[in-house]
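A short worksheet on the structure shown next.
The values are calculated or read from the model by the stated rules, or taken from the named source; none is laboratory data. Source: prediction; values computed, not measured. FYI the Cβ positions are ideal-geometry reconstructions off the backbone, even for glycines, and counts take in every protein chain you see. In case anyone asks, the SASA skips ligands and DNA or RNA and just uses the protein heavy atoms, side chains included. Shrake-Rupley method; radii C 1.70, N 1.55, O 1.52, S 1.80 Å.
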Amino acid sequence: MDFLEQVAAARTCRRFRQSEPLPAGFLTWLVDCARLAPSAKNQQALRFAVVESPEGRAALFPALRWAGALPDWPGPVEGERPTGYVVILAAPENKGHLLSIDLGIAAQTMQLAAATRGVGCCMFQTYDAALIRSVIDAPEGLEVIMPLAFGLELEERRVAPVPESGSLTYWRDAAGVHYVPKRALDEVLVIRK
């Protein structure tokens, strides 16, 4: 698959084939991919926790807030939940714009790496950090900065043109297909010399 096609296909996934586990070592492989990705000033300040046991997954799931643009949807039902999580952590003294750069690079690297193997990913901005810290038994001095959920993809996701209304809010159709509106290339490419 061409890389542009891979990027278009790697949309956020919120429903998974829960009965099918991730391959052994898959989450560790994702962390290894993130570890090798570029880092601002090569600070390498991120740390990672993986949660793959059924007990750990069940304990972590309630800490996550799913799909803010779909307020009537509380998240995936039993049978459609993730089969693994990676939690990105960092020490508070590393917070700042460089950490934000590294966070984006690491999270996107893991999502794209997962997509190459047919595994969906959901990154979370809204979550209960205290509950996650408890579930993963985070060491003192490390804060949760982003949890990511992974699992074999169940839902179909598509890129769509921005509607005439200009809304960038994602939506689902009656068949449950998830659409993500994206601006046209000629709208975002504003300078070409």
Test each condition in (1) of a type in the set (A, V, I, L, M, F, W, C); (2) open to solvent by less than 80 Å² (accessible area, probe 1.4 Å); (3) out of contact with any Pro (no Cβ under 7 Å at 6 or more places or on another chain); (4) not in a strand (DSSP E or B) for residue 191 and report the one that comes out false. (2)
Pairs, please: C-beta under 6 Å, at least 6 apart or cross-chain, first residue among the hydrophobic types (A, V, I, L, M, F, W, C) and in the stretch 119-135, second at pLDDT 95 or above and assigned to a helix (DSSP H, G or I)? 121/111; 121/114; 123/107; 131/63; 132/63; 135/59; 135/60
If I ask for residues that are surrounded by fewer than 16 Cβ atoms within 10 Å (Cβ to Cβ) and among the aromatic types (Phe, Trp, Tyr), which ones from the stretch 1-28 would you list? 3
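Name every residue in the stretch 29-52 that is open to solvent by 50 Å² or more (accessible area, probe 1.4 Å) and either more than 16 Å from residue 116 (Cβ to Cβ) or in a loop (DSSP other than H, G, I, E, B) (or both), in order of residue number.
35, 38, 41, 42, 43, 44, 47, 48, 50, 52, listed by residue number.
Inside the stretch 121-166, can you point out the residues that are hydrophobic (A, V, I, L, M, F, W, C) and in a strand (DSSP E or B)?
So in the stretch 121-166, the residues hydrophobic (A, V, I, L, M, F, W, C) come out as 121-124, 129-132, 135-136, 138, 142, 144-146, 148-150, 152, 154, 159-160, 162.
Correct list: 121, 122, 123, 144, 145, 146, 148, 149, 150, 152, 159, 160.
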Hits in the stretch 1-40 - residues which are among the hydrophobic types (A, V, I, L, M, F, W, C) and over 20 Å from residue 105 (Cα atoms): 1, 16, 22, 24
Cβ-Cβ under 7 Å, sequence separation 6+ or interchain: first residue in the stretch 23-43 and under 15 Å from residue 89 (Cα atoms), partner open to solvent by less than 80 Å² (accessible area, probe 1.4 Å) and hydroxyl-bearing (Ser, Thr, Tyr). Which pairs? 34/109
For the stretch 96-114, state whether one or more residues are touching a residue at least 12 places away in the same chain (Cβ under 8 Å), of a type in the set (Val, Ile, Thr) and open to solvent by 70 Å² or more (accessible area, probe 1.4 Å). yes
